[in-house]
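The numbers here are math on the coordinates, done by the rules we state, and not lab data. Since the structure is predicted, the reported quantities are computational estimates derived from the model, not experimental observations. So basically every Cβ, Gly included, is an ideal-geometry build from the backbone, and we count neighbours across all protein chains shown.
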Amino acid sequence: MGKVPGYDPRGDAQAITNATKGRSLDKKEKEMIIRTIVPLSALQLDALAEHYLALTKKTLLDVLPNLGMLNDYFGMGIHGLAAGPLAWDVELVGKALAPRRVLGGLGTDEGLLNELFLGRPSFEIRLLSDAYRLKHGEIKGNLIKAVKDDLSLDTAHMFELSLDPSRPDDSPLNREDIDKDVDALYHASRGRVGKEKLYEILVKRSNSHAIEVITVYESKHGRLSDVIKRQYSGHMRDGLLYIVNGADHHVQYGPGVWRDAQLLYEAMEGRGTDDKQLVTRLVRAHWNAHRMVKIKEAYRLIAKEDLGKRIRSETSGSYKTLLVALVDGLDAMNM
């Protein structure tokens, strides 16, 4: 029996081999890669990667397009898919913390760190921290130290709290604790309590608790995001808004879904498309099929149009084919 019951990676391994024989990829070979990689679950992809390595002595990332193609967003997307959800997050952390060295950027990508660190269940953060340590070793692989070395002041502290291994897991909600935090948050938002209390409630509590506190707060006192916009600035403001906006419509769609749909809308709104954000968000979202459905529903309400349709109008070539496959499935690739 194979590593994943019901999945035989041999055919997919052969398809990858056939598509990557030459020095470059033509349209047909790119589509073959898309049809092979996109439908796989994380576990199936892991089984394929293991079989491919045993068969060829090469990893999937050795033969598939990678982030070295700085202007090739198709390559970026395929690389993210081939890496798998956890390894891709680890790579993105490294690139967000060291963009000068890796992507030719001008500074730390705090917006990407928001997505990777904030508003996530604590078990996901622990997996990310462990995987980062495994990749970089005990000395360089301490994620909290990496954040301290790259950032400063409030921003560093916010991320440190989000990465704290003692941060509690989601558990049954305690109404009394929620009401206490709502009152404390109200006083903090009026400047009566230091921002440390704000961090403690929004960042260090469990994800489910923080979302419920935000929801109850807004039912009593109005939009917390408006308060944060008035009282804070810079990345502290952006990070807190990322957390607070994750509670929007969470009952109907799930935590963070409405916010993520809004961010996809913003990535394609205006004069130019933010391709880096677009491909990163869609690759990461695609690993959870149910969540992708909900993101599409929320996007349709926000933008008054279909997400797949907007992607078709904003992108082109094999990059468009890949994103359409991620959002609408393989049958929609050539529509």
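Other residues whose C-beta falls under 13 angstrom from the C-beta of residue 245 contribute a net charge of -3, scoring Lys and Arg +1 and Asp and Glu -1. Sorting the segments 77-83, 142-148, 326-332, 117-123 by their mean number of nearby beta carbons within 10 angstrom, highest to lowest, gives 77-83, 117-123, 142-148, 326-332. Dipole orientation for region 90-165: of the candidates 119, 158, 141, 141 has the Cα lying most toward the positive pole (charges on Cβ; Lys, Arg +1; Asp, Glu -1).
Value of Rg to Rh for region 90-165, rounded to two decimals, is 0.93; Kirkwood radius and Rg both from alpha-carbon coordinates. Computed over the chain, the per-residue total of -39500 (n - 2.57) for DSSP H runs of n ≥ 4 gives a 222 nm mean residue ellipticity of -20500 deg cm²/dmol, rounded to 500. Taking 206, 318, 219 as the candidate residues, the one with maximal mean-square fluctuation in a Gaussian network model of the chain, Cα springs under 10 Å, is 219.
Within the listed set 260, 164, 149, the residue fluctuating most in the Gaussian network model of the chain (springs between alpha-carbon atoms under 10 angstrom) is 149.
Taking the C-alpha atoms only, the angle from helix 275-286 to the longest principal axis of the chain is near 90 degrees.
Of the peptides 53-61, 289-297, 232-240, 133-141, the order by per-residue mean of other Cβ atoms within 10 Å, starting with the highest, comes out as 232-240, 289-297, 53-61, 133-141. Rg to Rh for region 87-245: what is it, with Cα atoms only and Rh by Kirkwood? Reported Rg/Rh (Cα atoms, Kirkwood Rh): 0.99.
The modelled label-to-label distance between residue 186 and residue 170, using points 7 Å beyond Cα along the C-beta direction, is 2.7 nm.
Taken over the Cα atoms of region 128-211, the convex hull encloses 92 Å³ per residue.
The orientation-averaged projected area of the convex hull spanned by the Cα atoms of region 175-243 comes to 4.1 nm².
Summing charges over neighbours of residue 20, with a neighbour being any other residue whose Cβ is under 11 Å away from its Cβ, gives +2 when K and R count +1 and D and E count -1. On full extension, the segment bounded by residue 35 and residue 148 gains 36.6 nm, given 0.36 nm per residue less the C-alpha separation. Taken about its Cα centre, region 173-314 carries a charge dipole of roughly 220 debye when the Cβ of each Lys and Arg holds +1 and the Cβ of each Asp and Glu holds -1. Using a cut-off of 13 Å between beta-carbons, work out the net charge of the residues near residue 112 (Lys and Arg +1, Asp and Glu -1, residue 112 not included). Its environment carries a net charge of -4. Determine the distance separating the Cα centre of region 1-22 from the Cα centre of region 249-298; give it in Å without decimals. If we compute the Cα centre of each part, the gap is 30 Å.
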